[in-house]
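Presented below is the structure to which this report refers.
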Amino acid sequence: MLTCRIHAKDDLRVDTDAEPAVGPGEVLIRLGAGGICGSDLHYYFEGRNGSFVIREPLVPGHEASGVVAAVGAGVTRVAPGDKIAVSPSQACGRCEYCRGGREHLCLNMRFLGSASVYPHVQGMFAEYFVLGERQCYPVSGDISLGELAFAEPLAVGLHAVNRAGDLLGKSVFVTGAGTIGCLTIIAAKLKGATSVTASDVLDRPLDTARAVGAARIIRADKEPDAIATPQFDVAFEASGSIKALNACIAAVKRGGTVVQVGTLPHEPLPFVVNEIMAKELDFKGAFRWGLEFDWAVEYIASRRIDVGPLLSRQFPLQQAVQAFQLAKDKTRSTKVQLVAA
């Protein structure tokens, strides 16, 4: 079988491996579709994702769907041939955060496709991979494997809006109109926001934001005055830019909320907190997701939401390098996926 591995900065290889064996309680999964995320791009083009540095070859990929190829003894959740969404979260279930219902903050988290621990936790950009059955979410109906692979990033958007609190009747501002920004727009509207404004520095992402429901779009680099005064109840920073974060703080009304969703650069950043204090803003972080993954699978499978406008192109694993190059170019793509050969 084929496996995609990042060995170091700008060093991505497609290797030939033996098909993994499946043990008791485990599921052998054939890759359906795997979305290339911003963290995957950081690992490939920078050799790190924030403070997580590649120290050994890493199989990336944490947004995936698949088809069950085989099951181990005792598995009851899925059967061979089932179409599934795959959760990349492997929480310990024992620490104080897991017991408190916040598994995404698990002290012993093993998140697929991540260099956060060593040895690294290998991801899902492979023709076949093995996971525990609790990470498999069977889905029936005509939903495509490409659409189903959006469950993980949609869960990020759903968790972000949950962190913001009540959005019913609120005006919302989202900076960064990539996949996560657009899915946050969808989630905010689902939660009752009356209007959503999106900003970016490129036209293509803004066109996509409008397609998924943004009522207003702003080129932040060309229209800085449009977001220089307080006008929104809640802002979500989804671009990973300190300039965008400062724009959120400026554009939110007194007593409003700012949620940091994107990963900011790992170096020290200038950050003035006086405006947060003087406007009495609630500044929150949103990290991954918890139960929202279950909701994301249901929303997609039931077609309550449409992720179709976000999918730009699919590549076979053999063309992983080309796929990563396209995924990096936000003037030509939103979400690029890898599929089994």
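Annotations for the structure displayed:
- Summing charges over neighbours of ALA341, with a neighbour being any other residue whose Cβ is under 12 Å away from its Cβ, gives 0 when K and R count +1 and D and E count -1.
- Reach of LYS253 by Cα under 14 Å, taken over aspartates and glutamates that are not fewer than 8 positions away in the same chain: ASP233, GLU275, GLU280, ASP282
- Cα-centred dipole magnitude for the stretch 155-293, charges only on beta-carbon of K, R (+1) and D, E (-1), debye, nearest 20: 260 debye
- Listed values (1) -0.54, -1.08, -1.15; (2) -0.28, -1.13, -1.29; (3) -0.37, -1.22, -1.32 include one computed from this model; for log10 I(q)/I(0) by the Debye sum over Cα atoms at q = 0.07, 0.14, 0.15 Å⁻¹ that value carries the label (2).
- Taking 0.36 nm per residue of sequence separation and removing the Cα-Cα distance, the ALA226/ASP294 pair yields an extension gain of 20.8 nm.
- These residues, CYS248, CYS92, go from largest to smallest accessible area, 1.4 Å probe, as CYS92, CYS248.
- Note on LYS170: accessible area approximately 60 square angstrom, rounded to 10, probe 1.4 Å, nucleic acids and ligands left out.
- For the residue pairs LYS189/LYS328; LYS243/LYS335; LYS170/LYS279; LYS191/LYS328; LYS9/LYS328; LYS170/LYS284, the C-alpha atoms sit more than 26 angstrom apart in LYS189/LYS328; LYS191/LYS328.
- Within straight-line reach of LYS222, meaning a Cα separation under 13 Å, sit the following aspartates and glutamates at least 8 residues removed in sequence or on another chain: ASP200, ASP203.
- Per atom type, the stretch 246-319 shows carbon and sulfur on 52% of its accessible surface, probed at 1.4 Å.
- When both the stretch 9-53 and the stretch 235-306 are represented by their alpha-carbon centers, they are found 27 Å apart.
- Between VAL67 and SER144, the modelled labels are 1.5 nm apart [label points 7 Å from Cα along Cα→Cβ].
- Summed residue charge, Cβ within 11 Å of THR175's Cβ, Lys/Arg positive, Asp/Glu negative: -1
- Other residues lying with their Cβ under 11 Å from the Cβ of CYS136 contribute a combined charge of 0, Lys and Arg counting +1, Asp and Glu -1.
The values are calculated or read from the model by the stated rules, or taken from the named source; none is laboratory data. This structure is a prediction, so every number in the text was calculated from the model and none was measured. Note: ideal-geometry Cβ built from the backbone for every residue, glycine included; neighbour counts use all protein chains shown. Heads up: the accessible areas ignore ligands, DNA and RNA and are worked out on the full protein's heavy atoms, side chains in. Shrake-Rupley method; radii C 1.70, N 1.55, O 1.52, S 1.80 Å.
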